[in-house]
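Structure first, then comments.
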Amino acid sequence: MNILVFVESAEGKIKKTSLEAVAYANGMGGNVTALALGTVEAGELASLGKYGAKKVLHAGDAKLNDGVIQAYTNTIVQAMEAENADVLVLANSSLGTPVAARVSTKLGASIATNVTELPETSAGFVVKKSIYTGKAFSKVELKNAKKVIAIKKNAAEIKEVGSDVAPTTFAPQLTDADFAAKIVSTEKATGEILLPEANIVVSGGRGMKGPEHWGPIEELAKLLGAATGCSKPVSDIGWRPHHEHVGQTGVKVSPQLYIAVGISGAIQHLAGVNSSKCIVVINKDSEAPFFKAADYGIVGDAFDVLPKLIEAVKAGK
Amino acid sequence: MKILVCISHVPDTTSKINFTDNNTKFDGNGVQFIIGPYDDYALARAIEIKEANAGTTVTVLNVGPADTEPTIRKALAIGADDAVRVNAEPTDSFFVAKQIAEHAKSIGYDLILMGRESIDFNGGVVHGIVGELLGMPSLSPVMKLELDGTKAKLAREIEGGKELLEVNLPFVAGCQEPIAEWKIPNMRGIMSARTKPLQVVEPVVVDSGVSLQKFELPPAKGAVKMVSADNVAELVTLLKNEAKVL
Ligand SMILES: Cc1cc2nc3c(=O)[nH]c(=O)nc-3n(C[C@H](O)[C@H](O)[C@H](O)COP(=O)(O)OP(=O)(O)OC[C@H]3O[C@@H](n4cnc5c(N)ncnc54)[C@H](O)[C@@H]3O)c2cc1C
């Protein structure tokens, strides 16, 4: 089986979720080729070999620095054809998922997104997907010869299994039509740990009382190497940027550790965090529904508990 | 201008999810169904565009059996002009997208809006498949959409920020907040929705590439361990040694 993995990068570095996609493809036991687009550091490209890619393709045209959905689609389709690939693996993301949709249509492939585990291949080709916003799973058979699999975070463990591979240049044939949707500019937080990628998330709710009180949340996040998140009302009122909004209608996270401070734990918020490995809840109301979904809880005032927690983390370092 | 808004009919966000028939069917017992929250944002934005541009019509489309009609009527009450129901179970993304594309081809819409994903299967791919089938750009997740003649200015959310785009009509967009605020139907809307046209069409045959084998529920969560606010250091120790996440 020939597998192509579409890897995404940010600021020249391969995204961790994409390394998971390489690890996933490697776990499937096929012949893995990784494809990166736009400007990526040479060392980063080569290192894909370590995580399981036998071959690394690089379409380095600067026009591909922005994630233009149609241009990415056609680049991937051409790479699939060139490599005779049966399966495309990628990480679910704001770029990966829309691109996967178009690629699958072009190839006549079966598609599954939000995939959480390696396929079972004893009878057919069956993948497990997260559905109902984390409240359930479904097992679906992918019946077509070609398949597109978009994985959810933590579907595979990143492991070093090989050594560096020298990248091969890949030059797709693209037309103006592929750039019809023109990206004018990008506004992006730099240097921050991104919410969908983070292993630890520190999240604040309306209980934080105002944007001026986010200092301790940010300090704790920094200490832990965590991303910051928030509940929907917090981003609705504009206390925090929209891309930090976690939940049913926001970002779905699956970190190792989710720390929720002053968030009541409404079912729509829980829908975005229920695949976290460990959940810590800090809330002054012992009846807050979030405690029922938590692994560890502290009943207390955030403004009292957070400074103590920051000190304890510092002391434990 | 003609706008198509595709809506899903999904369990209310507070629903408990259960399955029947040996875990092969969703248990709709006691479940309240709603317009998908992301689709609801798309609909709200479409209505705003209609209100600001005389001569614009908004059609809603749902792929679903007859029991989705109250959900469709709600979209009409919110302000859509007419509706189409493709009479079939929405079994998978490709199936649904193909039905949408077939209908859209016969009309020729300037703008096709829907949610970034449905909240039942969370596929997040219908907009892209429709775009590819119709040979139009598809953009998702779109958090801002402004029209300027035959051009649109959009913002697409990306990890850690957003991307600002320009694209010519027609195109397909998967929408999310804060593109518009959800609209609540008023009495006049509810009354007029009863008589607005709702056309039922039969589906086109699609060779689906996926088939459901079964559903599963996640394992039940263990009990929460409480730590005293006077002993916060204990939490750090537990996270390190017991949960092993620090
Ligand atoms: C269709 C739909 C989709 C939705 N999608 C989302 C979503 O994606 N994400 C989301 O988050 N919400 C979503 N919501 C909203 C959700 O229902 C809740 O309203 C929201 O999550 C509540 O946010 P909160 O917990 O910050 O605020 P509140 O519910 O107001 O809770 C604040 C909490 O802070 C605690 N508190 C107050 N002061 C302190 C203090 N000093 N120290 C410690 N604790 C304190 C209180 O005890 C309370 O539990 C959605 C709702 C709907 C209808």
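Here are the numbers:
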{"quantity": "A:Lys222 vs. criteria under 24 Å from B:Glu159 (Cβ atoms) and among the basic types (Lys, Arg)", "calculated": "yes"}
{"quantity": "Failed condition for A:Ile259, given (1) under 27 Å from B:Pro218 (Cβ atoms); (2) aliphatic (A, V, I, L, M); (3) part of a helix (DSSP H, G or I)", "calculated": "(3)"}
{"quantity": "Selection count, the stretch A:119-156, where residues are in a loop (DSSP other than H, G, I, E, B) and either in the same structural domain as A:Gln268 (by TED's automatic domain parsing) or among the small types (Gly, Ala, Ser) (or both)", "calculated": "6"}
{"quantity": "Residues of the stretch B:35-66 classified as surrounded by fewer than 20 Cβ atoms within 10 Å (Cβ to Cβ) and closer than 22 Å to B:Ala88 by Cα, total", "calculated": "2"}
{"quantity": "Subset of the stretch A:197-211 that is part of a helix (DSSP H, G or I) and within 14 Å of the ligand (Cβ to nearest atom) - its residue that is surrounded by the most Cβ atoms within 10 Å (Cβ to Cβ)", "calculated": "A:Met208"}
{"quantity": "Candidate set: the stretch A:275-292, residues that are part of a loop (DSSP other than H, G, I, E, B) and within 6 Å of the ligand (Cβ to nearest atom); chosen: the one nearest to the other protein chains (Cβ to nearest Cβ)", "calculated": "A:Lys284"}
{"quantity": "Within the stretch B:37-64, considering residues that are in contact with a helix residue (DSSP H, G or I) (Cβ under 9 Å, 6 or more places away or on another chain) and not β-branched (Val, Ile, Thr), the one farthest from B:Met114 (Cα to Cα)", "calculated": "B:Gly64"}
{"quantity": "Matching strands (runs of 3 or more DSSP E) fully within the stretch A:1-80 where at least 3 residues are free of Cβ contacts under 8 Å to residues at least 60 places away in the same chain and crowded, with 19+ Cβ neighbours inside 10 Å", "calculated": "A:31-37"}
{"quantity": "Condition broken by A:Glu192, with the remaining ones in (1) part of a loop (DSSP other than H, G, I, E, B); (2) more than 7 Å from chain B (Cβ to nearest Cβ) satisfied", "calculated": "(2)"}
{"quantity": "Residue check for A:Asn84: surrounded by fewer than 21 Cβ atoms within 10 Å (Cβ to Cβ) and at positive phi", "calculated": "yes"}
{"quantity": "Only one of A:Leu223, A:Leu194 that is more than 12 Å from the ligand (Cβ to nearest atom) and modelled with pLDDT of 95 or more", "calculated": "A:Leu223"}
{"quantity": "Matching residues, the stretch A:294-312, being buried (at least 20 other Cβ atoms within 10 Å of the Cβ), facing another protein chain (nearest Cβ under 7 Å) and either within 15 Å of A:Ala221 (Cβ to Cβ) or among the hydrophobic types (A, V, I, L, M, F, W, C) (or both)", "calculated": "A:Ala294, A:Ile298, A:Val305, A:Leu309"}
{"quantity": "Residues being assigned to a helix (DSSP H, G or I) and either under 18 Å from A:Gly134 (Cβ atoms) or within 12 Å of the ligand (Cβ to nearest atom) (or both) - total across the stretch A:226-249", "calculated": "7"}
{"quantity": "Spans of helices (runs of 4 or more DSSP H) in the stretch B:67-178 with at least 2 residues within 11 Å of another protein chain (Cβ to nearest Cβ) and either among the hydroxyl-bearing types (Ser, Thr, Tyr) or buried (at least 23 other Cβ atoms within 10 Å of the Cβ) (or both)", "calculated": "B:93-107, B:126-134"}
{"quantity": "Single unsatisfied condition, A:Asp178 versus (1) farther than 25 Å from A:Tyr24 by Cα; (2) more than 16 Å from the ligand (Cβ to nearest atom); (3) touching an Asp or Glu at 6+ places or on another chain (Cβ under 9 Å)", "calculated": "(3)"}
{"quantity": "Residue within the stretch A:278-294 that is touching a Lys or Arg at 6+ places or on another chain (Cβ under 6 Å) and either β-branched (Val, Ile, Thr) or closer than 23 Å to A:Glu197 by Cα (or both) present", "calculated": "no"}
{"quantity": "Search result, residues across the stretch A:250-268 that are near the ligand (Cβ under 6 Å from one of its atoms) and surrounded by 24 or more Cβ atoms within 10 Å (Cβ to Cβ)", "calculated": "A:Gly250, A:Gly262, A:Ile263"}
{"quantity": "Residue in the stretch B:2-31 that is farthest from B:Ala180 (Cα to Cα), counting only those that are more than 13 Å from the chain's Cα centre (by Cα) and within 12 Å of the ligand (Cβ to nearest atom)", "calculated": "B:Ser15"}
{"quantity": "Selection count where residues are surrounded by 13 or more Cβ atoms within 10 Å (Cβ to Cβ), more than 7 Å from chain A (Cβ to nearest Cβ) and more than 30 Å from A:Val202 (Cα to Cα), scope the stretch B:197-246", "calculated": "6"}
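Yes or no, residue by residue, for (1) within 17 Å of B:Phe95 (Cα to Cα); (2) touching a residue at least 60 places away in the same chain (Cβ under 8 Å); (3) out of contact with any strand residue (DSSP E or B) (no Cβ under 8 Å at 6 or more places or on another chain):
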| site | (1), (2), (3) |
| --- | --- |
| A:Thr105 | yes, no, yes |
| A:Ala109 | yes, no, no |
| A:Lys135 | no, yes, yes |
| A:Lys139 | no, no, no |
| A:Ile151 | no, yes, no |
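The values are calculated or read from the model by the stated rules, or taken from the named source; none is laboratory data. Computed from a prediction, not measured in an experiment: that's the story for all the values here. Positions of Cβ are generated from backbone atoms using ideal geometry, with glycine treated the same way; all protein chains shown enter the neighbour counts.
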